[in-house]
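What follows is one structure encoded as structure tokens, with my remarks underneath.
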Amino acid sequence: MDGEGGSLGLAKSAALKLSEMGERTKQLGTAMRDPDRQRRIILVIVCVALLLDNMLYMVIVPIIPDYLADLESEQSEHVHVVMHPNTSANSTSQDKSNKDNLDVQIGVLFASKAILQLLVNPLSGTFIDRVGYDIPLLIGLTVMFLSTCIFAFGENYATLFAARSLQGLGSAFADTSGIAMIADKYTEEAERSRALGIALAFISFGSLVAPPFGGVLYEFAGKRVPFIVLASICLVDGFLVLIVIKPFSNRTRENMPVGTPIYRLMVDPYIVVVAGALTVANIPLAFLEPTIANWMETTMHSSQWEMGLTWLPAFFPHVFGVYITVKLAAKHPDLQWFYGALGMVIIGASSCTIPACKTFGQLIAPLCGICFGIALVDTALLPTLAFLVDVRHVSVYGSVYAIADISYSVAYAMGPIVAGQIVHNLGFVQLNLGMGLVNVLYAPALLLLRNMCQMKPSFSERDNLLDEAPQGLYDTIKMEERRGKKKCYSSAGNCLPVDENGFDPFKAQRSVSVESSGPEFT
């Protein structure tokens, strides 16, 4: 009897646990059916993907130079023993040649990810516009996982180069589709700016925390451990995409409108100005990362920990810049161009003051200024790209954010290769003065965007029934949403609000123009 009672108790407890699990599953399913909660979960998934991508880009900074130097020394010793077993002549010249060769190898390895990302982005943007945002995100995470595993276990330069290039392929899909998904899920301008600001904070955190993360694990656990940790997080994020977003069961892409081809977006003058600003603003960061450590060592005699923590204090002003830009954009959305221009001026001024620094403490201030300015530029202009697509093209964001990714890739592909040559031929001072001058001179170009808030009611291709009827459920829903948004121009950042009697000056203007040009067809 006691045995039967014990088995009944176990059965009851097991049944209770199963019922609790069922309730939790139901609660999770209810939460996933809630659009707001689903958007937040998707935002977390995308932010983790962006965090991983930028950590993968920067984690090799403290690892690869030392690891490749060990490989080079082992190979040189082996070759020297085989060919010259009893002599050590010309060892100094051979060491110098080996160091120059190592510097070239490191620069090419650093740039290979951005170069392949730059080449693939035009294709990935078009692919994303065709199939939607979820499948490319999963493809990107899968490729990043595989490439990171290869990098962890690679034992020679060719394998590391292939894995690094493969990371660029994964990033071209994951970054572009992730940012485009955020822009698509958050249609209101204030919400979109806030969501993209959160994503930028994760990008900054990944870039700045990766070098100390990689350096500490490499020092105490070896080369493989940092990459295995990142690959594991990537795998978990991929499973979340499968469970939450369900890319292979999502049929909304069947009703998506046909996006504007990327070559048409590339010749849009407004998009060209924004893309150029993103490239120019990120050049100082991309060019200083591979050169500032040597300059600190020669001019300041900085220690290894100072060089390793050079960029870490800049994380806080970057997050503050994102926060303040989101707040300002919510109150004055028509001044996005001004926030970007102000950020470029701050970047230029900070870049010009770097060569005057004599101590590590003095250097922190201009580096913080550069990261603060970049936060202003990125947080103001990334939502502007989606806005420009909304008002001038079709509201599909894969290609336009592929252009944004191209802008970043141009800067980071040139940085490891071009920056070192400029420093060698002209000097570190001239490099910083040139970067600062280019940023200051480019800032007035953003004045072209100052009247873009007037374009929203009159130039949207999908919003004007005279131009084109809605195509499928997706377009119909989008058109109804935009009709509703016209009731609150002042909160959405438009220039002329609807008055209290419901008079819409833009609609009236269109009606007058249609009546004067001929009969209206319905």
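Within the range 40-56, residues that are closer than 13 Å to ASP175 by Cα and part of a helix (DSSP H, G or I) reach partners that are open to solvent by 30 Å² or more (accessible area, probe 1.4 Å) and of a type in the set (D, E, K, R) with beta carbons closer than 9 Å, at six or more positions or on different chains, in the pairs LEU43/LYS185.
Residue count for the range 385-441 satisfying the condition of being over 30 Å from GLY178 (Cβ atoms), in contact (Cβ under 8 Å) with a residue 12 or more places away in the chain and either of a type in the set (Phe, Trp, Tyr) or not in a helix (DSSP H, G or I) (or both): 1.
Got at least one residue in the range 180-201 being of a type in the set (D, E, K, R) and on the phi > 0 side of the Ramachandran plot? No, that holds for no residue. TYR323 fulfils the conditions (1) open to solvent by less than 50 Å² (accessible area, probe 1.4 Å); (2) farther than 22 Å from GLY420 by Cβ; (3) among the aromatic types (Phe, Trp, Tyr) except for a single criterion, (1).
Looking across the range 213-230, the residues that are open to solvent by less than 40 Å² (accessible area, probe 1.4 Å) and out of contact with any Pro (no Cβ under 7 Å at 6 or more places or on another chain) come down to GLY222, LYS223, PRO226, PHE227, LEU230. Could we say that ALA402 is among the aliphatic types (A, V, I, L, M) and surrounded by 24 or more Cβ atoms within 10 Å (Cβ to Cβ) here? The answer is yes for ALA402. Within the span defined as the range 183-195, every residue fails to be open to solvent by 20 Å² or more (accessible area, probe 1.4 Å), closer than 18 Å to LEU56 by Cβ and in contact with a Phe, Trp or Tyr (Cβ under 7 Å, 6 or more places away or on another chain). Do we find that SER204 is open to solvent by 20 Å² or more (accessible area, probe 1.4 Å), part of a helix (DSSP H, G or I) and polar (S, T, N, Q) in this structure? Taking the combined requirement at face value, the residue does not satisfy it. Taking the criterion of being touching a Leu at 6+ places or on another chain (Cβ under 9 Å) and over 19 Å from TYR339 (Cβ atoms), the residues of the range 273-294 that qualify are PHE287, LEU288, THR291, ILE292.
With the structure loaded, tell me whether ALA172 is buried (at least 16 other Cβ atoms within 10 Å of the Cβ), touching a residue at least 40 places away in the same chain (Cβ under 8 Å) and closer than 27 Å to VAL396 by Cα or whether it fails that test.
Details: buried (at least 16 other Cβ atoms within 10 Å of the Cβ): yes; touching a residue at least 40 places away in the same chain (Cβ under 8 Å): yes; closer than 27 Å to VAL396 by Cα: yes.
So ALA172 fits the description; yes.
Scanning the range 295-321 for residues that are without any contact (Cβ under 8 Å) to a residue 24 or more places away in the chain and assigned to a helix (DSSP H, G or I) gives GLU297, THR298, GLN304, TRP305, MET307.
Can you name the residue in the range 139-164 that is open to solvent by less than 20 Å² (accessible area, probe 1.4 Å) and either on the phi > 0 side of the Ramachandran plot or under 18 Å from the mean Cα position of the chain (by Cα) (or both) and, of all such residues, is modelled with the lowest pLDDT?
To start, the set of residues in the range 139-164 that are open to solvent by less than 20 Å² (accessible area, probe 1.4 Å) comprises 140-141, 144, 147-148, 151-152, 154, 160, 163-164.
Of the ones still in play, those that are also either on the phi > 0 side of the Ramachandran plot or under 18 Å from the mean Cα position of the chain (by Cα) (or both) are 140-141, 144, 164.
Values: GLY140: 93, LEU141: 93, MET144: 92, ARG164: 89.
Per the stated criteria, the residue is ARG164.
For LEU447, state whether it is at pLDDT 60 or above and closer than 19 Å to LEU388 by Cβ. Yes; evaluated as a whole, the condition is true for this residue.
The values are calculated or read from the model by the stated rules, or taken from the named source; none is laboratory data. Everything numeric in this text was worked out from a predicted model, so none of it was measured. All Cβ positions, glycine included, derive from the backbone under ideal geometry; neighbour counts span all protein chains shown. Only protein heavy atoms, including side chains, enter the accessible area calculation; ligands, DNA and RNA are left aside. Shrake-Rupley method; radii C 1.70, N 1.55, O 1.52, S 1.80 Å.
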